[in-house]
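Asker: A single structure is presented below for examination.
Read-outs: derived from the displayed coordinates by stated rules, not from any lab. Note that the coordinates shown come from a computational prediction; the quantities given were computed from them, not determined experimentally. Note that each Cβ is placed from the backbone with ideal geometry, even for glycine, and that neighbours are counted across all protein chains shown.
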Amino acid sequence: MKKGTVGLSLLGVLLFSYTAVADICSVKPEAESKKDTLPVKYKRLKAENEKLSEELSRCGMKKSELEVQIIDLKAKISRLEQKRAELQTELLSYPSKEDLESQIRELERKLGR
């Protein structure tokens, strides 16, 4: 009886390990890849490639537009900096606030106010 139980147990372990090694219950990756035949894969990849090409083209056009805008903004910044320098030079040509106030006080003193 003991020999039968041990033998049966040993047989069960061997069968279990054999099925685990043989991967009876698992799905092979090849089976999934055979769902799509090569022409179907080619068409799918070609469509995806065309879509990505169109997107790349749109991005290229957008990039060109943005580069033109950047050039325009740099030109505006340059003009504004030049105008700022001109205005600062003109501002320096005027007398200071303190000088004008002292001239006003001097004139008021001369007029007797």
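Asker: For every other residue with a beta carbon closer than 13 angstrom to the beta carbon of Leu87, add +1 if it is Lys or Arg and -1 if Asp or Glu, then tell me the sum.
Answerer: Here the charged neighbours net out to 0.
Asker: Mind checking which aspartates and glutamates have their C-alpha under 18 Å from Lys41, skipping anything on the same chain fewer than 8 residues away?
Answerer: Glu30, Glu32, Glu50
Asker: Determine the dipole magnitude for region 36-111: charges of +1 sit on the beta-carbon of Lys and Arg, -1 on that of Asp and Glu, nothing else is charged, the reference point is the Cα centre, and the result goes in debye to the nearest 20.
Answerer: Magnitude of the dipole: close to 500 debye.
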